[in-house]
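Here the structure comes first, spelled out in structure tokens, and everything after it is commentary.
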């Protein structure tokens, strides 16, 4: 049985509030259920890790809140956010304070292949 949730964001548009809201809510719910949760930002989705990007994406149901607010709420519940090395090389290293680390492909593969980890990809 899986003991950890790994969410790999690679194809999600970093400006699609609806899609981001869904996956950040799922991560938050899992963390509230006491599962270790880690989100790895890669590819185009990793642009969210750059300061200012998530703060510009307003939520459809509450335009006074942004995706950055959801990220901070998820972090408060214990969700860890990491960004891939190649994405930092592409988008730069001016990262949100919410980013817990920069990881390479070997880390991503080892976590995804762990028998106690359930991996969701968005």
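In the range 86-98, which residue that is touching a residue at least 12 places away in the same chain (Cβ under 8 Å) and part of a helix (DSSP H, G or I) is farthest from residue 33 (Cα to Cα)?
Among those that are touching a residue at least 12 places away in the same chain (Cβ under 8 Å) and part of a helix (DSSP H, G or I), it is 90.
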Practice task
Working carefully through the options 59, 23, find the one that is surrounded by 14 or more Cβ atoms within 10 Å (Cβ to Cβ), in contact with a strand residue (DSSP E or B) (Cβ under 8 Å, 6 or more places away or on another chain) and within 25 Å of residue 86 (Cα to Cα).
Solution key: 23
Problem - Criterion violated by residue 83 - all others in (1) surrounded by fewer than 19 Cβ atoms within 10 Å (Cβ to Cβ); (2) not in a helix (DSSP H, G or I) satisfied - result: (1)
Fill in the blank from the handout: Exactly one of 78, 101 is over 16 Å from residue 12 (Cβ atoms), outside any strand (DSSP E or B) and modelled with pLDDT of 95 or more, and that one is 78
Handout entry: Filter result for residue 15 (over 18 Å from residue 4 (Cβ atoms), modelled with pLDDT under 95, in a helix (DSSP H, G or I) and touching a helix residue (DSSP H, G or I) at 6+ places or on another chain (Cβ under 9 Å))
Key = no
Practice task
Just one of (1) at pLDDT below 95; (2) assigned to a loop (DSSP other than H, G, I, E, B); (3) surrounded by 13 or more Cβ atoms within 10 Å (Cβ to Cβ) trips up residue 35, so point out which.
Solution key: (1)
Completion exercise
Expected single match for surrounded by fewer than 19 Cβ atoms within 10 Å (Cβ to Cβ), within 23 Å of residue 118 (Cα to Cα), in contact with a helix residue (DSSP H, G or I) (Cβ under 6 Å, 6 or more places away or on another chain) and touching a residue at least 12 places away in the same chain (Cβ under 8 Å) among 77, 48 is 77
Problem - Pair list, Cβ under 9 Å, 6 or more apart: the range 23-45 residue on the phi > 0 side of the Ramachandran plot, other residue part of a helix (DSSP H, G or I) - result: 43/86; 43/87; 43/90
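The values are calculated or read from the model by the stated rules, or taken from the named source; none is laboratory data. Predicted model, so just to flag it, every value in this text is computed and none were measured. So basically every Cβ, Gly included, is an ideal-geometry build from the backbone, and we count neighbours across all protein chains shown.
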